[in-house]
Each structure stands twice: as structure tokens, then as C-alpha cells.
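The values are calculated or read from the model by the stated rules, or taken from the named source; none is laboratory data. Note that this is a predicted model, so its numbers are computed, not measured. Note: accessible area is taken over every heavy atom of the protein model, side chains too, but ligands, DNA and RNA are not part of it. Shrake-Rupley method; radii C 1.70, N 1.55, O 1.52, S 1.80 Å.
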Amino acid sequence: MADTIYGVSQSMQGEFKIRKATAKVLKSMREEKGLRQWQVAQAAGIYQQSYVKYERGLHTPSLHLIFGFAKAFGCSPWEVVKRIENVEFK
């Protein structure tokens, strides 16, 4: 299987894929809106350093944070989740 990450369980592989997709979506939505990382972080109520970790795929945001990110992007949380769902994993 080409998508296998050796030494990592199937459930953790799924987590890594979701993290990667989330990072891609957060960055693209932020850039589309012409926002800086600190602006998204401020709207979500977190530090910029924390937001950077989500955008780099180092952490998976909670539902609470998805709501904050959506607020910054001027959309519904559903739109953020839908875009994450639609990312193709390669």
C-alpha cells in the first residue's frame, strides 16, 4: 500500500492525513482572505505560535478552534470541515 506510513497504526495514519488536509485548507483559506497568521489566531483566541502548528500540520484543531478559524475566514465551520473533507490525499 503506497499510503502506508511504516511503524504507525492505521488509526494514526488517518490522523496524520486529517492533519495534513487541515493544514492545507487553513493555509489556503487564510491566503484567499489575505489574512496574516496572527489575525486568524486572534479571531480563534489562540497565540500565533499555536496557529502556526495547526497550519503546519503538527496538531489537529478541536471543533472549538474550527469555529474560531471559520470566524476569521468569514464562513461557517461547516465550510472549513467540507474543504478538509474534499482534500485529496496524495
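Phi angles across segment 68-77 convert, under the Karplus curve 6.51 cos²θ - 1.76 cosθ + 1.60 with θ = phi - 60°, into 3J(HN,Hα) values of x, 5, 4, 4, 5, 7, x, 9, 7, x Hz, Gly and Pro given as x. The phi torsions of segment 36-51, fed into the Karplus equation with coefficients 6.51, -1.76 and 1.60 and a -60° offset, translate into couplings of 8, 4, 5, 5, 5, 4, 4, 5, 8, x, 10, 6, 4, 4, 5, 4 Hz, rounded to whole numbers, with Gly and Pro shown as x.
Both radii were evaluated on the Cα set of segment 22-90; the Rg over Rh quotient, with Rh as the Kirkwood radius, amounts to 0.92.
Could you please put Leu63, Leu35, Leu58 in sequence from largest to smallest accessible area, using a 1.4 Å probe? Walk me through the numbers on the way to the answer.
Working: Leu63 115, Leu35 40, Leu58 85 Å².
My answer, sorted largest first, is Leu63, Leu58, Leu35.
Ignoring ligands, DNA and RNA, how do Glu55, Glu85 rank by accessible area with a 1.4 Å probe, largest first? Before the final figure, lay out each step's value.
Working: Glu55 20, Glu85 115 Å².
Output order, biggest surface exposure first: Glu85, Glu55.
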